[in-house]
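Take a look at the structure set out below.
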Amino acid sequence: MPNILRFDNFKTVWNQLNFGGVFMNSLIITVVSVVGILLISAPAAYQFVRRPGWVSTVLFMLILSSLVIPFQSLMIPLVKVASDLHMMDSIIGVIIMYWGFGIPLALFLYHGFIKSIPRELEEAALIDGNGIVGAFFRIVLPLLKPITTTIAILHSLWIWNDFLLPLITLSSKKNQTIPLASSVYFGQYMNEWHLAMAALTMASIPVILFFIIMQRNIIDGITAGAVKG
């Protein structure tokens, strides 16, 4: 057991990895990716549910079919397409890729939740003078708080901790994320466990805080959503 508490490893990691820079990269990628996934998936799922038909069914099943395709089988064509579109080694490019990989699951979860919302609530909003857009944002969207919180947590944890996609798309040090930068401490001939654990501890603190905050919102959202029926 150590006799004193020391923070030398945290200081070393902060300086060696330029932790402030890689932290901001991870934060920007995670926040913009999750917000984009939510903003695209919720209205899309609403349209698929409220406007049924063969077009909606085909599009919905086509999007969901991507969930059964392993990411490893997409790596080579993904790099080829990203290179052709000049999206390699680009934070914006990685964010767009995360939108593509994250939307199917979010769409599936939203789709199932929206089907449980009574259509009469929206009809009442339309009678009061709201359009379809107004009914969605004023009536439906607040009722989606429980599932929105769940999707935000799941996708934030995935994107924040993801290593493989940044590994194959981000090559320069200035664009590295925390998991990618921390991999320098794991080598073929030497593993610097003390520095690796310090880096992983620093990386996990924001995620833990985010989960604690959003967990409270889950309880509040479930309570509010329990009266929607």
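What the table below lists for this structure:
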| item | result |
| --- | --- |
| Selection status of Ile28, within 25 Å of Pro179 (Cβ to Cβ), under 21 Å from the mean Cα position of the chain (by Cα) and of a type outside the set (Ser, Thr, Tyr) | yes |
| Pair list, Cβ under 8 Å, 6 or more apart: region 129-146 residue under 19 Å from Ile40 (Cβ atoms), other residue modelled with pLDDT of 80 or more and of a type in the set (Gly, Ala, Ser) | Leu141/Ala42; Leu144/Ala42 |
| Candidates Ser41, Ser26, filtered to the one that is in contact with a Ser or Thr (Cβ under 9 Å, 6 or more places away or on another chain), of a type in the set (Gly, Ala, Ser) and either surrounded by 15 or more Cβ atoms within 10 Å (Cβ to Cβ) or at pLDDT 85 or above (or both) | Ser26 |
| Test for Leu144: is it more than 30 Å from Lys11 (Cβ to Cβ), at pLDDT 85 or above and surrounded by 15 or more Cβ atoms within 10 Å (Cβ to Cβ) | yes |
| Residue selected from region 84-108 under the condition part of a helix (DSSP H, G or I) and free of Cβ contacts under 8 Å to residues at least 40 places away in the same chain, by the criterion surrounded by the fewest Cβ atoms within 10 Å (Cβ to Cβ) | Asp84 |
| Entirely in region 131-183, the helices (runs of 4 or more DSSP H) that have 3 or more residues that are of a type in the set (Ser, Thr, Tyr) | 145-161 |
| Residue in region 147-179 that is nearest to the chain's Cα centre (by Cα), counting only those that are open to solvent by 50 Å² or more (accessible area, probe 1.4 Å) and more than 24 Å from Phe211 (Cα to Cα) | Leu167 |
| Region 131-178: number of residues that are more than 23 Å from Ser83 (Cα to Cα) and hydroxyl-bearing (Ser, Thr, Tyr) | 4 |
| Checking Pro77 against (1) in a helix (DSSP H, G or I); (2) touching a Gly at 6+ places or on another chain (Cβ under 9 Å), the condition it does not meet | (2) |
| Residue in region 6-29 that is within 26 Å of Phe101 (Cβ to Cβ) and among the polar types (S, T, N, Q) present | yes |
| Residues located in region 109-141, provided they are crowded, with 17+ Cβ neighbours inside 10 Å and of a type in the set (A, V, I, L, M, F, W, C) | Leu109, Phe113, Ile114, Ile117, Ala125, Ala135, Phe136, Ile139, Val140 |
| Sole residue being of a type in the set (A, V, I, L, M), out of contact with any Lys or Arg (no Cβ under 6 Å at 6 or more places or on another chain) and open to solvent by less than 40 Å² (accessible area, probe 1.4 Å), chosen from Val13, Val81, Val58, Val49 | Val13 |
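The values are calculated or read from the model by the stated rules, or taken from the named source; none is laboratory data. Because the structure is predicted, anything quoted here is derived from the model rather than measured. Please note: Cβ atoms are built from the backbone with ideal geometry, for glycine as well, and neighbour counts cover all protein chains shown. Just so you know, the surface numbers come from the protein's heavy atoms only, side chains and all, with ligands and any DNA or RNA stripped out. Shrake-Rupley method; radii C 1.70, N 1.55, O 1.52, S 1.80 Å.
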